[in-house]
Amino acid sequence: MFRLVESGDNAITVYLADQPGDQALARVVSFCAQAREVMAHHLQDLVPSYCSVTLYFDVLRSDFYSVRRLVRGIADRLDTETMPTVTGDPADESGTSVGKVHVLPVYYGQDAAMDMARVAQVSGLTAEQIIATHSTQRYRVYALGFRPGFAFMGETPARLRVPRLEVPRKRVPAGAVAIAGTQAAIYPSASPGGWNIIGRCPTTLFSCPSGEPKVLLGVGDVVQFQPISRQAFLDKGGRLHE
């Protein structure tokens, strides 16, 4: 599957799959790698997502038709290449990793887990079972968006798939570890949000020192959550009262 769509005066979106999943992710990651190599002179930004990639190009250096020709060339090559065998379970070593592996600490205590009781009620699990289920799963990053550094990860284990809050919060604290439906995430900064908060992570996911953005997680990366104590959370720079 390959489809091109104009996305404004200086952007093209290329759709590489019909359905999100690990094979779609492999195509997206491979396309991005080739685009950065072949089109570096043309690109201002590259935004991968579940099934697509949006390319922003410099109109002073390129035009739509030149960029479209290069994009078609990369897409045609993808159809002839063997994609990495990415399994549905990132822990399955028979698959091929398409990104980095991150072990992120999480404090799951009551003073950090705003919605633990709600998740327990909906899922029928105890808090201990929720923590064990959430932290033994490994998650892939499928897209970045909503806020700088916000990674949409999947898939949440079936018994933890609870719906979003009916009324979103006006403010979710930075580092909040959340689940909603099949997805998991960490809020990189304080913001509104409607996902279920079950813990807090002290790791910085996004920063902008000297005007240069730094994002920890990238599309294709794998995340493993590691339970830590309240004191360990505080020792790592975590804050519970913001």
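The values are calculated or read from the model by the stated rules, or taken from the named source; none is laboratory data. Note that the structure is predicted; figures quoted are calculated from it, not measured. Cβ: placed from backbone, ideal geometry, glycine included. Neighbour counts: every protein chain shown.
Descriptive notes on the structure:
- Selection count where residues are of a type outside the set (Gly, Ala, Ser), out of contact with any Lys or Arg (no Cβ under 6 Å at 6 or more places or on another chain) and touching a residue at least 60 places away in the same chain (Cβ under 8 Å), scope the stretch 7-46: 8
- Arg61 being part of a helix (DSSP H, G or I), of a type in the set (Lys, Arg) and without any contact (Cβ under 8 Å) to a residue 24 or more places away in the chain: no
- Exclusive hit being exposed (fewer than 14 other Cβ atoms within 10 Å of the Cβ) and of a type outside the set (Lys, Arg), set Thr204, Thr136: Thr136
- Residue in the stretch 139-150 that is closer than 23 Å to Gln121 by Cα, of a type in the set (Val, Ile, Thr) and touching a residue at least 24 places away in the same chain (Cβ under 8 Å) present: no
- When residues in the stretch 189-234 are screened for being under 16 Å from Ala112 (Cβ atoms), part of a loop (DSSP other than H, G, I, E, B) and of a type in the set (S, T, N, Q), 2 of them pass.
- All positions within the stretch 11-50 that are hydrophobic (A, V, I, L, M, F, W, C) and either crowded, with 21+ Cβ neighbours inside 10 Å or in a helix (DSSP H, G or I) (or both): Val14, Leu16, Ala24, Leu25, Ala26, Val28, Val29, Phe31, Cys32, Ala33, Ala35, Val38
- Identity of the residue in the stretch 74-96, in contact with a Gly (Cβ under 8 Å, 6 or more places away or on another chain) and surrounded by fewer than 17 Cβ atoms within 10 Å (Cβ to Cβ), that ends up modelled with the highest pLDDT: Asp89
- Residue within the stretch 149-156 that is at positive phi, modelled with pLDDT of 90 or more and under 20 Å from the mean Cα position of the chain (by Cα) present: yes
- Selection within the stretch 209-220 - touching a residue at least 12 places away in the same chain (Cβ under 8 Å) and either among the hydrophobic types (A, V, I, L, M, F, W, C) or surrounded by 12 or more Cβ atoms within 10 Å (Cβ to Cβ) (or both): Val215, Leu216, Leu217, Gly218, Val219, Gly220
- Screening Ala117 with (1) at pLDDT 95 or above; (2) touching a strand residue (DSSP E or B) at 6+ places or on another chain (Cβ under 6 Å); (3) assigned to a helix (DSSP H, G or I) gives one miss only, at (2).
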